Structure formats: C-alpha cells, structure tokens
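The values are calculated or read from the model by the stated rules, or taken from the named source; none is laboratory data. If you're wondering where the values come from, they're calculated on a predicted model, not measured in any experiment. Cβ placement follows ideal geometry from the backbone for every residue including glycine, while neighbour counts extend to all protein chains displayed. The area values use the complete protein model at the heavy-atom level, side chains included, leaving out ligands, DNA and RNA. Shrake-Rupley method; radii C 1.70, N 1.55, O 1.52, S 1.80 Å.
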Amino acid sequence: MHQSLPLEENLGIEVEPSAVHALNILRALYRDSILGQRILPYIPRGLMIAIDGFSSSFWPIRNSSTMLLSAVVTRIFGVKKVQDERSPENKTTAKEFFTRFPTLRKFILMKLEDAVTAISDSQSMLQPSLFAILLILSRLYPSPVDNKDAVEYMESFLPPLLSCTKSPVWKTRDLVSYAILSTVPTSKWTHVVLQVVESLSAVNQNHIHGLLLVLQRLFFDHPEGSTVLNDRHTVALILNRLLAVRNLGLWKNNCLITQSLYVEIITGLLRLIPRGFDLEQNAPSVLLFVLKALPVLSQGYNRAMFRAGMQAAISELLMLFASNASGWKIAEFPAYDQLLMELCNHSEAEIRKYGIDMLRSLPTERAAYIESIVLPLLCSENNEDVLTKVC
C-alpha cells in the first residue's frame, strides 16, 4: 500500500502507463476481503487519489479512477443491502463517516470550493471531481442525535453546496440536492428551507431549478422532513413564502421544467395538509395560485413533451383540490367561485372534469349557483366523459 499510494503525485504527469496499473492494483487491494479491517487506515488516501484521478485529461486514468472509487465506496458503505442506493439502509451518518475518516473533511471542502469557483467563472460545464464528491455526500444522512458541535461541523458544507446548484449540468444539480440532505439537521431544517425559498429570486433558470430540487428533497426525502411538516404553523409559513414567489415560479416564467417542478412542490405540500385542516390566511393565495396556473395550459409551446409534463403537474394539483376543497374550508372565498367558473369553461376536457368534481362538493344551499354553471355546460359540451359527470 505504501508503494502504491505515492501515485498521487504522479497523476498530473499523465504520461506514465504505470499510473494506470497502480490504480488497478489499488482497486484490487481495496476489493480483497482477506485484508479485512487492515485496509481501513488507507481508505482516505485511496479516496483522494480516486477523486483526483477524475480530473485527469488522460482517459485511462479517469477510467481506472472510476473503478477505484467504486471499490473504495463499497469498502466504506458496504455492499448494497437494498436496490435503492439512497435508501437509509445503504447510507451511514455524516457524524460516523467523518469520525472514522477525519482527514476527508478538509479535502472534500477544498474540492467543493474549487468547483464553486469554476462554476462561477464558467471555466467548464463539467466538473468531474465534483461528481465523485457529491456521490459520497449523497450517501450520508444527518444523525438525529447530533450534538451542537456535530451540527456546526456539517454546516460548513452547506454554502458551497448551495452555490453548486448554479451548475449548468442537470445531473450535478440533482446530486447536489441529495448531498445537501446530510448537512441539514432537524434543528436547522426550517431555517434552511426559508433561506432556499428566499434565493428563488435568482434570474438564472439553472439556479432556480437547482434550488427547487433542493426544496423537493428537503420536503419529501429528508429523514425528519415529514416530522417537521406535521406542524401546521410551519406548513402555513412555508406555503406563504413559496406562494409569494409564484411570479417567478409560474406565470412570469417561460421555462416549463421549473414551472412544473414548482407546481409539483406546492402540490406535495398541500398533500401533506390533513383533510380537516383550515388553510386560514393561506386560502386566498392558494386559490389565486391555482387560478393563475390554468392559463399556462393554454400557452402554445413548441415542445409538446414539456407542455404535457406541465399539464400533468397542474392536473395533479387540481385533482387534489377537487378531493379536499371542502375539507380545507375554502369554498366560502369569492375566488373559489371564479376558480370553478374557469375550470368548467376550460378548453381542456380533463380540466373541466375537475371543475365538475369540485361543483359536486358544494353544499346543497348553493344549488342556484351550481345550475348557473351546469346548464350552459350541458348546452355546449361535446365531450362524453364530461357530460357523464355533469349528468
């Protein structure tokens, strides 16, 4: 091991075929089960060599470094216990990881800061070593019993990771969103979420997409996210902040990818709200949000595939509304009548169906209002499925 590991200094030379052989020998050593625990002291150095090799301009070195990284990662986290790599069974806590390998913290931070500088300066679209770093961090998760020192220890990773959401590479932004989960303890969850929401005023669509992915992971994949969101006041606060940036997220935004992701996040948050939950001050904003989302479906986009994705996102939101509107106690708001009128007269038949479903949830004392919508619909409707719902 001592003879192979000095290879680190030779990776930049990129002319020695022996470097490739040394990487392959290291890979074989890390994979050898006979060595057992005796290989553990060499894991940090081996991981550093593998990550540095990703940046080589010599393809054989990059290829061998990839295989070495796979062997080292298997040594650290063990073989996959379940198929999903991001399942907690295949992860370890950030506290345990950096306690076992303390020298890796400074190295990973340095690589992250280098990547942030490169992204900010637009030096290169691809940051190969960043991919390896994010892969490692995405296999960590915050410990539910972390003390104050452990929390502060991991917080230093958060600023560079958030800066990496500006990357022009979609896969990088996706990996960043998973890597951030390991840096956010339960005690800081709400603060980080609100910080990310405030950053959505970014102009760059890549940055907005990266931040929305981070929010999506924090809401629905963070180990303690569902627990925090059980508090109605927290949900109300986050909904208010998210809906306050709806201009950027929806109807003043020409990017269907970020539009649909924004709608999916709002829908997911609303789905977490209990059936008998009173939306209170959020109700007008939620109604206005749904109203303003409808015209997006009628916009003429060249890419029908993306438009279909946006339709699916808004349809899911409307379906949720149709099944929970009465339970959320929003039917008494004036904007609700306007919403029903818009839904029942929409150009898309699927959207008109949701309008009929929401009409059915109205109390019987509003029969006159229901008739004022249904009768004109009966005269003009030519879709059999909608007519069946009306009748």
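If I filter the range 247-255 for residues that are of a type in the set (A, V, I, L, M, F, W, C) and modelled with pLDDT of 75 or more, do I get at least one hit? Checked against the condition, which is being of a type in the set (A, V, I, L, M, F, W, C) and modelled with pLDDT of 75 or more, the range 247-255 yields at least one hit. Tallying residues that are of a type outside the set (Gly, Ala, Ser), within 12 Å of SER167 (Cβ to Cβ) and more than 22 Å from the chain's Cα centre (by Cα) within the range 104-122 yields 0. Of the residues making up the range 200-211, just one is crowded, with 16+ Cβ neighbours inside 10 Å and either among the small types (Gly, Ala, Ser) or closer than 17 Å to VAL235 by Cα (or both), namely GLY210. Among the residues of the range 151-187, the ones that are closer than 11 Å to GLY210 by Cα, open to solvent by 10 Å² or more (accessible area, probe 1.4 Å) and not in a helix (DSSP H, G or I) come to 2 in all. If you scan the range 346-384, which residues turn out to be modelled with pLDDT of 75 or more and open to solvent by 40 Å² or more (accessible area, probe 1.4 Å)? Matches in the range 346-384: ASP357 only. For first residues located in the range 122-148 and open to solvent by less than 80 Å² (accessible area, probe 1.4 Å) and acidic (Asp, Glu), partners that are modelled with pLDDT under 90 and not in a loop (DSSP other than H, G, I, E, B) and lie 6+ apart or on another chain with Cβ distances below 6 Å form the pairs ASP146/LYS95. Under 8 Å between Cβ atoms, at least 6 apart or on separate chains: pull out the pairs that start in the range 186-201 with a residue that is over 16 Å from TYR141 (Cα atoms) and end on any residue that is small (Gly, Ala, Ser) and modelled with pLDDT under 85. Note: pairs meeting the criteria are LEU200/GLY249.
Could you look through the range 56-99, keep only residues that are open to solvent by 80 Å² or more (accessible area, probe 1.4 Å) and without any contact (Cβ under 8 Å) to a residue 40 or more places away in the chain, and pick out the one that is farthest from PRO142 (Cα to Cα)? Going through the qualifying residues, I end up with TRP59.
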